[in-house]
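Some notes on the structure that comes next.
The values are calculated or read from the model by the stated rules, or taken from the named source; none is laboratory data. Everything quoted here is computed from the prediction, not taken from an experiment. Here the Cβ positions follow ideal geometry from the backbone for every residue, glycine too, while neighbour counts run over all protein chains shown. Remember, those area values only see protein heavy atoms, side chains included, never the ligands or the DNA or RNA. Shrake-Rupley method; radii C 1.70, N 1.55, O 1.52, S 1.80 Å.
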Amino acid sequence: ENLAARFATATAFAGAVVGIRLRSPPEPARTLLSPHPRTVASTMIQRLACSAALLATIASTAHTQRTAAANCAAVRKQSLTDVKITEAVAVTATRDSTTPVHVAHCRVAGTIGKEIHFIALLPDAWNGKFFMGGGGGYVGSVDNSAIGSVDEGYASVGTDTGHEGSPIDAKWALGHPDRVENFGHLAVHRTAEMAKALVKAYYGKDPERSYFRGCSNGGRQALMEAQRYPADFDGIVAAAPALDFTNFATSFIRNAQAAFPNPRATQGPAVPPEVLAFVERRVLQACDALDGVKDGTLEDPRDCHFKLSSITACPADRPGADCLTKAQRTVLDRIYAPTSDARGEVYRGQPFGGEGHGDGWPAWITGVGPHELIPGTGIVPSLQFAFGTEFYKYFVFGDSTWDYSKYDLRNWRRDTQKIAAILNTTDPEMKAFKARGGKLIIYHGWSDPALNARQTIAYYDQVLKHDASARDHARLFLVPGMFHCGGGTGPNEADWRGAIADWVERGHAPDRVIARERGAKGSADKTHPLCAYPARAVYDGKGKTDDASSYSCKAPSSRP
């Protein structure tokens, strides 16, 4: 800083000298090869000025970094009710592509109450807003699905919801009703309140807008916020929401009983991957062109009335790659069919599409073999098996020896009634959220093998039935071919963060959101419009089928 000041003084002195020279009598003509004294002095000024500016920038940057570090360190001294801050570290900007945050920020970690852990990220260049991210599965470590928002200037936070473990492990719930309550709804709410107080303490003012985004269990958290804590967020994005926890967990047990009837046997795939790939090809042969475009993706699987019975039985019931054994047909029939009891439908049957992809049905439903799906979590045949059995063992019965294969599914309503009041987010009432101007975007992939898109549609239909004007504050989008929270067979990346902010801050309700599939190096991206339900994308009959401009959003005349 002192050196920069000296250069600035020298520059000012040189300018004064030139000023004197410019006012002195004209000199004799000089040759082009002999520079005029004023030219020399001007060049000297320019160089000194550039050096001074560079050094001033370096000094300013160093000063800013020291100030940011000091401000960040001071967070440790903040007194927030029932909050213990354990870490406050200034993180410099980086171009490292392996890290989710690239801008300079203050990283704050701590604990709310007894064991709700959080990590808050406070960018140096704050845009005045706050964006919280949800956690997937049973969480178990600090998770933040909105962490990328920090690069856009948002302050952000994530939480472990009050326990430690793997995302498919629920042992932490055994004997801990407080942890169940935290996981169910309280931890996200308390973390949101704490984070906004921290933002105010750090920046000196409240965030202008507050947002939340989550997928799967994070989508359930999103709906829980809109229903139970409507004052927490102005805008909410709920992706593939695990909204009826007790229902889908019961469906998981139903599927596990069909796919893995013997809990003591080595759990190989119920239906081999090559057979699933064959089934998917047959589904596409029958239904891919129904939407006017043959692209390997079903625009709306509800239009597909494929019959599994059209697939040939394996000769002598011996497994093959282009036929079905009796056991395989039984498993598939059960997965496609709804889970029902004496009172009606519990959970809708799996839509057609995505059967043959490794991170689709094999990983979630039919199994990938006796593999350890997630390191450190033990061997489970499928993710549905893992989530379903963990739920009933530790949330419902409190018994680690509970045997899924012997469970009488007719008792599920009685057995899950208490926990449903804590976990489920099926209430269509969002009067308070709407009254404060809150906006909600829900989206779900049609080929999601974990949570059924048709279940989300059923919930949204109830929202519309409860409030005819609900589209003023809540909209649903279906993503053709998308798996659980992403991936799949078509364009599925969309700017949901921008869509919710545009709706909240500028009143632009989303009717059409463009999804993108990144093309290989040197090739163009594929794009496809996602239309606000009940409309869907319809090909105009001209133009490229992988270009969103070739489609219009239209409501179907009828729907099965």
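Arg282 accessible area, nearest 10 Å², 1.4 Å probe? For Arg282, solvent-accessible area is about 60 Å².
Working note: 222 nm ellipticity from helices only, DSSP H runs with n ≥ 4, each -39,500 (n - 2.57), summed and divided by the residues of the chain, gives -10500 deg cm²/dmol to the nearest 500. Based on the Kirkwood approach, the hydrodynamic radius assigned to region 153-273 is 16.8 Å, with every pair of different Cα atoms included.
Å³ per residue of the Cα convex hull, for region 68-206?
Numbers: hull volume 13.5 nm³, N = 139.
Residue-normalised Cα hull volume stands at 97 Å³.
Given just the C-alpha atoms of region 331-479, how large is their convex hull per residue in cubic angstrom? Spell out each step's value before the answer.
Numbers: hull volume 23.2 nm³, N = 149.
With only Cα atoms used, region 331-479 gives 156 Å³ per residue.
Ordered by 1.4 Å accessible area with all protein chains kept, Val396, Val188 run largest first as Val396, Val188.
Using the heavy atoms of the protein chains alone and a 1.4 angstrom probe, what is the accessible area of the chain per residue in square angstrom? Each step should come with its number before you reach the end.
Values: 25730 Å² over 560 residues.
Using a 1.4 Å probe on heavy atoms only, each residue of the chain averages 46 Å².
Kindly identify region 150-195 as rounded, prolate or oblate by the Cα gyration tensor criterion: order the square roots of the eigenvalues as a ≥ b ≥ c, call it rounded if a/c is under 1.5, otherwise compare a/b with b/c, prolate if a/b is larger, else oblate. Numbers along the way, then the final one.
Working: a/c = 4.33, a/b = 1.91, b/c = 2.27.
Oblate.
May I ask you to give the average projected area over all directions of the convex hull of the Cα atoms of region 215-322, in nm² rounded to one decimal?
On the way: hull surface 42.7 nm².
The directionally averaged projection comes out at 10.7 nm².
Compute the separation of the alpha-carbon centres of region 260-323 and region 61-132 and state it in Å as a whole number. Going from one Cα centre to the other spans 49 Å.
Counting only C-alpha contacts under 8 Å and six or more residues apart, can you give the relative contact order of the chain as a whole percent? Intermediate values should be presented prior to the final figure.
Working: 1075 pairs, mean separation 60.6, N = 560.
It rounds to 11 percent for the chain.
Roughly to the nearest percent, how much of the accessible area of region 259-348 is carbon and sulfur, given a 1.4 Å probe? Carbon and sulfur atoms account for 51 percent of the accessible area of region 259-348. For Tyr404, the solvent-accessible surface with a 1.4 Å probe is about 10 Å², rounded to the nearest 10. Kirkwood's formula applied to the C-alpha pairs of region 450-510 gives a hydrodynamic radius of 13.3 angstrom.
A Förster radius of 22 Å, combined with the Cβ-Cβ distance separating Ala289 from Asp461, puts the computed FRET efficiency at roughly 0.20.
With no solvent and one equal point scatterer placed on each C-alpha of the chain, evaluate the Debye formula and give log10 I(q)/I(0) for q = 0.07, 0.09, 0.13 Å⁻¹, two decimals. Results for the chain at q = 0.07, 0.09, 0.13 Å⁻¹ read -0.50, -0.74, -1.36.
Beta bridges assigned by DSSP with both partners in the chain are antiparallel in approximately 60 percent of cases. Of Lys406, Lys526, the order by accessible heavy-atom surface (1.4 Å probe, DNA, RNA and ligands excluded), from most exposed downward, is Lys406, Lys526. Relative to the compact-globule estimate of 2.2 N^0.38 Å, the Cα radius of gyration of region 196-245 comes out at 1.29. Between Arg209 and Phe130, the built amide H atoms are under 5 Å apart, and every one of these is 5 or more places off in sequence or on another chain.
Given a 1.4 Å probe and heavy atoms of the protein chains only, how would you sort His357, His305, largest accessible area at the top?
Values: His357 65, His305 125 Å².
Sorted descending by solvent-accessible area, the residues read His305, His357.
Its Cα gyration tensor gives region 404-560 an equivalent ellipsoid. The semi-axes, each the square root of 5 times an eigenvalue, are 31, 22, 15 Å from largest down.
With viscosity 0.692 mPa s and temperature 37 °C, the Kirkwood radius over alpha carbon pairs of region 282-396 converts through Stokes-Einstein to a diffusion coefficient of 200 µm²/s.
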